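S.K.: My questions will all concern the structure given below.
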Number of protein chains: 2
Amino acid sequence: MGGNEIVMGGHGFYNAHSQLQHSAISYGLPFLQRALTEVALPTSDRPFVVADYGSSEGRNSMEVMAIVVREVRRRAPATFPISIVHVDQPANDFSSLFMLLQSSPASYLCETQGVFAYATGGTFYGRLFPDGQVSLGWSSIAIHWLSRLPATDPDHIASGHSPPHIFARFSEQAREDWECFLTHRAHELRTGGRLVVVGGSADAQGTYGGEPLYDVANRILQQLVRDGYLRAQEYARMMVPTYHRTPEEFAEPLQQGTLRGRLLLEAQSQVTMPDPLWEQFGKAGDIQSFASKQTAWLRAWSEPSLFRHLDADRSPDNSSRIIEEFYGRVRLAIVQDPLAARCNWKISILLIAKP
Amino acid sequence: MGGNEIVMGGHGFYNAHSQLQHSAISYGLPFLQRALTEVALPTSDRPFVVADYGSSEGRNSMEVMAIVVREVRRRAPATFPISIVHVDQPANDFSSLFMLLQSSPASYLCETQGVFAYATGGTFYGRLFPDGQVSLGWSSIAIHWLSRLPATDPDHIASGHSPPHIFARFSEQAREDWECFLTHRAHELRTGGRLVVVGGSADAQGTYGGEPLYDVANRILQQLVRDGYLRAQEYARMMVPTYHRTPEEFAEPLQQGTLRGRLLLEAQSQVTMPDPLWEQFGKAGDIQSFASKQTAWLRAWSEPSLFRHLDADRSPDNSSRIIEEFYGRVRLAIVQDPLAARCNWKISILLIAKP
């Protein structure tokens, strides 16, 4: 999560509906494995500190951190301490995260000693650790959230669908934010440390793969204005503060910009992901289930950023009626035309070293 | 907070109604000041790690941690990093804590650089840090919560009012828990580190100072059984898992027991606190306000531990009707006889060093 005050739906809802984010992680694992082979282990009695930049409620961190623990244990004695710090917005549901850590069989705290879990509630566009404390940084499907909304589009909720003058504002904000993120990590990482970033991305033509679902959502919001559910000014404010960087935009500050020499881009790749829910649908043929899951997934990350723009005079009941109407219609639209909700998100994966 | 699954009322309720805990802290400050003068500062680029064992929602930690930051800054360069880790149960409301840290003018993050705040959701009856990482430990009004409920009393909700055979079970659990707490801290503290504990306490006769309010609460619960609100088996299960140790019980493991030589009891004191709400009442003479505040204070810490014992077949509405009835009657009882709710809690303060 970025620096604005949007957080994912709490009380485990995000945990339950973040399969795509989970699937994206698998593409980051080869770089993570390489990072874990290369990373310098701290000497004396310092712990190996891992930072999870944008953990949300933690479900998608369990498997990754279990790998980290296993690989560090392979290289160092079993008593070597590992401290894992999950970073997200102050309002993030950290209790769900800690309860999962204590109770889930998938928890990286299971069947191991000397591993300690912490959280910090702050933005990853700021400093989160003292200088040179972090051995390994990990950030998955979080860096596309900008620190703020630099502009709104009267006709769409997503920067990737905006005309050039609006799109440029998002590009510029994304450039600043990425440089800011890297600058803080350059301080926090130890010499010999590694950072792996798995981030929502776009190709050179600007295609990011989520266009179908964003268009469905946008069309239905416009319907809700016409049908009197939403006010025009509310819709006008609705814009998701995300931006999908191209591989060139990810590389720029590391290769030509201010981070050059301070951080080293060791490897970079981009993949187009199959839609895991669409694949399930293809196997099971259950259109209702596909529509429900795709809608719940959309809701888990979009509800806070869209509906915080409702006017302040709305009662909680009234707001919740609008929100239910919106996701109900999205679900119906997907049932009527499932192909229109099929996404093939692009992600960039980066392996970065602190020399 | 201890090791059982009870947490203080969330969403800032505990923050708003914990004046007594806040007042208790002031008695711990002289020992804290001494600890901050004596504690060894880490060398090289290691941060000064502070552990706040039992932070709840953080309000009562702000002032203490601001003092810690100021004193460490006095002894070390302004860039010397300080990491403060707030410890409480996984279900604790950590978002309230992080939001307070970001937004409150009393936050120790204000107007200072190089201070980092974290949380961990776990029990302080377990290991929370790698060996030798903590320079300063602080625990205030938390250690009287036991790791589990060792027994119940059919006639009372508080161990201090129980017959000897039940009271002995609590003494024994308290002895085990305190030794367990200290053993883990002995590992976590750095050589030269300090631990300050401010804990609910009793004198040699077993007087702990909260008797009046506990008796009011117990009498009203018995009324609710007679009046058909509560079932007898629900009341029978209700017992607050706390124990107020005598100064001798606090000292025992450090002076004669297993911790002798590993931790050093540098100083110890006991005080009987005036009731801050009673003092306000004395000045303002507002009996309604006194009753409301005393009831809200009681509720903030007692609601979870008493009413989690309601039968599972109760609907949320039904449970909440019982709870409202209980605190409503407590409030009324205090209005009718305010003196019966006047408490003079005893607290023990300990300054412990790791040699």
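The values are calculated or read from the model by the stated rules, or taken from the named source; none is laboratory data. Computed from a predicted model, the values in this text were never measured in an experiment. Using ideal geometry, Cβ is built from the backbone for each residue, glycine included, and neighbour counts are taken over all protein chains shown. When the accessible area is computed, the model is the full protein with side chains, heavy atoms only, and any ligands, DNA or RNA have been set aside. Shrake-Rupley method; radii C 1.70, N 1.55, O 1.52, S 1.80 Å.
S.K.: Could you list all residues from the stretch B:120-141 that are touching a helix residue (DSSP H, G or I) at 6+ places or on another chain (Cβ under 7 Å) and closer than 20 Å to B:Ile25 by Cα?
M.R.: Result: B:Phe124, B:Leu136, B:Gly137, B:Trp138, B:Ser140, B:Ile141.
S.K.: Still on this model: Among B:Gly132, B:Gly206, which is at positive phi, touching a residue at least 24 places away in the same chain (Cβ under 8 Å) and within 14 Å of chain A (Cβ to nearest Cβ)?
M.R.: Only one candidate passes the filter, namely B:Gly132.
S.K.: If B:Gly209 satisfies all but one of (1) buried (at least 18 other Cβ atoms within 10 Å of the Cβ); (2) part of a helix (DSSP H, G or I), what's the number of the condition it fails?
M.R.: Of everything listed in (1) buried (at least 18 other Cβ atoms within 10 Å of the Cβ); (2) part of a helix (DSSP H, G or I), B:Gly209 misses just condition (2).
S.K.: Does the stretch B:159-168 hold any residues that are open to solvent by 10 Å² or more (accessible area, probe 1.4 Å) and either part of a helix (DSSP H, G or I) or within 17 Å of B:Ala217 (Cβ to Cβ) (or both), and which are they?
M.R.: Scanning the stretch B:159-168 gives B:Gly160, B:His161, B:Ser162, B:Pro164, B:His165, B:Ile166, B:Phe167, B:Ala168.
S.K.: Another question, if that's okay. Name, by its number, the condition in (1) in contact (Cβ under 8 Å) with a residue 40 or more places away in the chain; (2) closer than 15 Å to A:Ala291 by Cα that does not hold for A:Tyr327.
M.R.: Single failed check for A:Tyr327: (1).
S.K.: Something else now. Pick from the stretch B:235-257 the residues that are in contact with a Leu (Cβ under 6 Å, 6 or more places away or on another chain) and farther than 27 Å from B:Val197 by Cα: which of them is most open to solvent (accessible area, probe 1.4 Å)?
M.R.: Only one residue tops the list, namely B:Tyr235.
S.K.: Counting only residues that are more than 13 Å from every other protein chain (Cβ to nearest Cβ) and either open to solvent by less than 10 Å² (accessible area, probe 1.4 Å) or touching a residue at least 24 places away in the same chain (Cβ under 8 Å) (or both), how many does the stretch A:88-109 have?
M.R.: Qualifying residue count, the stretch A:88-109: 2.
S.K.: Ok, one more. Could you say whether any residue in the stretch B:139-155 is at negative phi, assigned to a helix (DSSP H, G or I), at pLDDT 95 or above and among the acidic types (Asp, Glu)?
M.R.: Within the stretch B:139-155, none of the residues are at negative phi, assigned to a helix (DSSP H, G or I), at pLDDT 95 or above and among the acidic types (Asp, Glu).
S.K.: Also: Taking A:Ser171 as the residue in question, decide whether it is part of a loop (DSSP other than H, G, I, E, B), small (Gly, Ala, Ser) and surrounded by fewer than 23 Cβ atoms within 10 Å (Cβ to Cβ).
M.R.: So A:Ser171 does not fit the description; no.
S.K.: Kindly indicate whether A:Thr120 is over 25 Å from A:Leu298 (Cα atoms) and either at pLDDT 95 or above or more than 14 Å from chain B (Cβ to nearest Cβ) (or both).
M.R.: For A:Thr120, the condition - over 25 Å from A:Leu298 (Cα atoms) and either at pLDDT 95 or above or more than 14 Å from chain B (Cβ to nearest Cβ) (or both) - is met.
S.K.: A follow-up question, please. Would you confirm, using the coordinates I've provided, whether B:Asp52 is within 14 Å of chain A (Cβ to nearest Cβ), over 17 Å from B:Tyr108 (Cα atoms) and not β-branched (Val, Ile, Thr)?
M.R.: No; evaluated as a whole, the condition is false for this residue.
S.K.: Select from the stretch A:334-354 the residues that are within 17 Å of the chain's Cα centre (by Cα) and closer than 20 Å to A:Ala296 by Cα and write down the one among them that is most open to solvent (accessible area, probe 1.4 Å).
M.R.: Within the stretch A:334-354, the match that is most open to solvent (accessible area, probe 1.4 Å) is A:Asn344.
S.K.: Out of all the residues in the stretch A:131-158, which are under 22 Å from A:Ala40 (Cα atoms) and surrounded by fewer than 23 Cβ atoms within 10 Å (Cβ to Cβ)?
M.R.: Result: A:Asp131, A:Gly132, A:Ser139.
S.K.: Might you check whether a residue that is buried (at least 24 other Cβ atoms within 10 Å of the Cβ), within 30 Å of B:Gly58 (Cα to Cα) and within 14 Å of chain B (Cβ to nearest Cβ) occurs anywhere in the stretch A:193-202?
M.R.: Checked against the condition, which is being buried (at least 24 other Cβ atoms within 10 Å of the Cβ), within 30 Å of B:Gly58 (Cα to Cα) and within 14 Å of chain B (Cβ to nearest Cβ), the stretch A:193-202 yields no hits at all.
S.K.: Shifting gears a bit: Looking at the structure I just gave you, is A:Ala232 open to solvent by 10 Å² or more (accessible area, probe 1.4 Å) and out of contact with any strand residue (DSSP E or B) (no Cβ under 8 Å at 6 or more places or on another chain)?
M.R.: Details: open to solvent by 10 Å² or more (accessible area, probe 1.4 Å): yes; out of contact with any strand residue (DSSP E or B) (no Cβ under 8 Å at 6 or more places or on another chain): yes.
So A:Ala232 fits the description; yes.
S.K.: Residues B:Glu303, B:Glu266: which one is open to solvent by 10 Å² or more (accessible area, probe 1.4 Å) and not in a helix (DSSP H, G or I)?
M.R.: Going through B:Glu303, B:Glu266 in turn, the sole match is B:Glu266.
S.K.: Would you mention how many residues in the stretch B:70-83 are open to solvent by less than 10 Å² (accessible area, probe 1.4 Å) and either more than 10 Å from every other protein chain (Cβ to nearest Cβ) or on the phi > 0 side of the Ramachandran plot (or both)?
M.R.: Number satisfying all stated conditions: 1.
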